[in-house]
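The values are calculated or read from the model by the stated rules, or taken from the named source; none is laboratory data. Just so it is clear, the model here is predicted, and its values are computed rather than measured. So basically every Cβ, Gly included, is an ideal-geometry build from the backbone, and we count neighbours across all protein chains shown. Heavy atoms of the whole protein, side chains included, go into the accessibility calculation; ligands, DNA and RNA do not. Shrake-Rupley method; radii C 1.70, N 1.55, O 1.52, S 1.80 Å.
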Amino acid sequence: MTANLNNTPDYDVAIVGAGFTGLSAALDLARAGQRVLVLDGDSGPGGLAGTFQFRDGVTIEKFYHHWFDNDSYVPQLVRELGLEGQIQIMPSKTGMYFNGRHWRLSTPLDLLRFKPLSLIDRIRLGLLVLRVRSVKDWRAIEHLTIREWLEPLCGKNVYRIVWQPLIENKFGIFADAINAVWMWKKLVLRGSTRDAKGGEQLAYFKGGFGRLAQAMADEITRLGGRVQYGAPVSGLGLSADGQQVEAVQTAQGSYTAREFLFTPALPIIADIFEGSAKADWLASLRRVQYLANACLVLQLDRSLSDTYWLNVNDPGFPFVGVIEHTNFDSPANYDGKHIVFLSRYLAKQDPLWAMDDAAYLDFALSHLQRMFPAMQRDWIRDYQIWRADYAQPVTERNYSSYVPAAETPFANARISTMAQIYPEDRGTNYAIREGRAAAQALLARLGGKR
């Protein structure tokens, strides 16, 4: 498809997606004096870190978020925006639900008290991080599944009780396909966040990550950029010779630019490029599989427990865990209400994906009340269910051999997505890092020219 375009582009850079990758790139480009446009189909910034309001006006993320105290890109960005006073550092309270009982697992002493494992297995679990750190090159384990790599390190019983339920709840039908690098990176990261006593410190942005995203969007606008919502990109306009992208097309019209950056999930990018790029490249984007996510956010009038992140290792519990946000960030910041996230990763073919909100709530409560028998339905003051089609990239064996590069068939178009940060897993900290790296690559191509 060829667009009927003027010779002078509307913008220096057009960015598709107002998540943290797109906003970080746009902010650095705007600071460098470039005319930048950000387009997003949602009603506000932040992507999966965007916020919403309950009926009483309490604001919270659609999907739970925090960052680790050894993450560097989030706090650096916050400081640059002059908002360092909005960072909260708090100890993590984690635990596990197993065999009808809650177990705290925040410190090494908690681990020693975890009686579902024998003493020798508790020691094996405690030493696991040290053994994991001995892996210096992740490529050496990329051909292995998590089970194939982890079970020999910690023993079959530790794997069965501690790790297998978490991996199966996280990845569902793909549980046996995920390569070992995903777990290796998680264990290395978590092991490096412990303090001298073995505890873990986490950080949060007051008011939610959506508020930080809004501050970024406001700064982009102040610097002369434009952030437009409700504008999903449906296609491209190419140059007459078909070698360059000259425009992105939306229901509100076409926008021309010198350079383009695409940050949504790879299948969405493939749909945008359909009819403009060759079939083999589009197939390489669609080769990466994803899990969807359905996240139930409950607003309660009381707490369920004193644990922030409760992993559930009982068979049959259909959620990754019970994340009680207000055991991390005080209920005082939410009008005294208690906020709980129940997150489920699933294939979109799963019957749960098609459930309406009321049926999904009933389904979730039937399982939640098994864990918390005292819980009554009238504890719920409000709830909301959010669904994301492409929430978690599936990193199969030898993922590095087929994950797409940042380059596209068009020299003036790049892609930067959460599926490409491998061996890292998706996260706000890495989204900011990748957005800033993309901005530098674009500035190098622009050469400072307007």
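Here are the numbers for this structure:
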| quantity | calculated |
| --- | --- |
| Residue that is in contact with a Gly (Cβ under 6 Å, 6 or more places away or on another chain), more than 20 Å from R426 (Cβ to Cβ) and open to solvent by 20 Å² or more (accessible area, probe 1.4 Å), where the choices are R147, R113, R124 | R124 |
| Test: residue in the stretch 290-298 that is touching a residue at least 40 places away in the same chain (Cβ under 8 Å), more than 23 Å from D362 (Cα to Cα) and out of contact with any His (no Cβ under 8 Å at 6 or more places or on another chain) | yes |
| Subset of the stretch 345-390 that is among the acidic types (D, E) and part of a helix (DSSP H, G or I) - its residue that is farthest from F317 (Cα to Cα) | D378 |
| Selected residue (criterion: farthest from the chain's Cα centre (by Cα)) from residues of the stretch 95-110 that are aliphatic (A, V, I, L, M) and either more than 18 Å from V312 (Cβ to Cβ) or open to solvent by 30 Å² or more (accessible area, probe 1.4 Å) (or both) | L109 |
| Selection count, the stretch 111-137, where residues are within 26 Å of the chain's Cα centre (by Cα) and in contact (Cβ under 8 Å) with a residue 12 or more places away in the chain | 5 |
| Inter-residue pairs, beta-carbon under 8 Å, first of a type outside the set (G, A, S) and in the stretch 233-261, second part of a strand (DSSP E or B) and at pLDDT below 95, 6+ apart | L238/T2 |
| Whichever residue in the stretch 209-245 is hydroxyl-bearing (S, T, Y) and under 26 Å from the mean Cα position of the chain (by Cα) and, among such residues, is nearest to Q34 (Cα to Cα) | T221 |
| Within the stretch 336-352, considering residues that are free of Cβ contacts under 8 Å to residues at least 60 places away in the same chain and under 19 Å from Q53 (Cβ atoms), the one surrounded by the fewest Cβ atoms within 10 Å (Cβ to Cβ) | G336 |
| In the stretch 16-51, the residues that are open to solvent by 20 Å² or more (accessible area, probe 1.4 Å) and among the hydrophobic types (A, V, I, L, M, F, W, C) | A32, L48 |
| Qualifying residue in the stretch 160-175 (condition: assigned to a loop (DSSP other than H, G, I, E, B), closer than 23 Å to R344 by Cβ and either within 20 Å of the chain's Cα centre (by Cα) or modelled with pLDDT under 90 (or both)) | yes |
| Selected residue (criterion: farthest from the chain's Cα centre (by Cα)) from residues of the stretch 286-318 that are closer than 28 Å to V403 by Cβ and open to solvent by less than 20 Å² (accessible area, probe 1.4 Å) | V288 |
| Given (1) buried (at least 17 other Cβ atoms within 10 Å of the Cβ); (2) acidic (D, E); (3) farther than 23 Å from F174 by Cβ, index of the condition D425 fails | (3) |
| Residue satisfying all of: in the stretch 1-15; at pLDDT below 85 and assigned to a loop (DSSP other than H, G, I, E, B); surrounded by the most Cβ atoms within 10 Å (Cβ to Cβ) among these | A3 |
| Qualifying residue in the stretch 418-430 (condition: modelled with pLDDT of 95 or more, more than 17 Å from L285 (Cα to Cα), among the aliphatic types (A, V, I, L, M) and not in a loop (DSSP other than H, G, I, E, B)) | no |
| E396 vs. criteria of a type outside the set (S, T, N, Q), under 30 Å from I141 (Cα atoms) and open to solvent by less than 50 Å² (accessible area, probe 1.4 Å) | yes |
| Criterion violated by N333 - all others in (1) assigned to a helix (DSSP H, G or I); (2) touching a residue at least 60 places away in the same chain (Cβ under 8 Å); (3) open to solvent by less than 10 Å² (accessible area, probe 1.4 Å) satisfied | (3) |
| Residues located in the stretch 216-249, provided they are closer than 24 Å to F205 by Cβ and of a type in the set (V, I, T) | I220, T221, V227 |
| Flag if D195 is closer than 18 Å to L105 by Cβ and either surrounded by fewer than 18 Cβ atoms within 10 Å (Cβ to Cβ) or at pLDDT 95 or above (or both) | yes |
| Subset of the stretch 84-115 that is within 22 Å of T326 (Cα to Cα) and assigned to a loop (DSSP other than H, G, I, E, B) - its residue that is modelled with the highest pLDDT | K93 |
| Selected residue (only one of S276, S254 is assigned to a loop (DSSP other than H, G, I, E, B), farther than 28 Å from A177 by Cα and open to solvent by 10 Å² or more (accessible area, probe 1.4 Å)) | S276 |
| Scope the stretch 16-51; condition part of a strand (DSSP E or B) and touching a Ser or Thr at 6+ places or on another chain (Cβ under 7 Å); matching residues | V16, L39, T51 |
| Residue match in the stretch 290-299 (condition: assigned to a loop (DSSP other than H, G, I, E, B) and on the phi < 0 side of the Ramachandran plot) | no |
| The stretch 137-159, residues that are among the polar types (S, T, N, Q) and in a helix (DSSP H, G or I) | N157 |
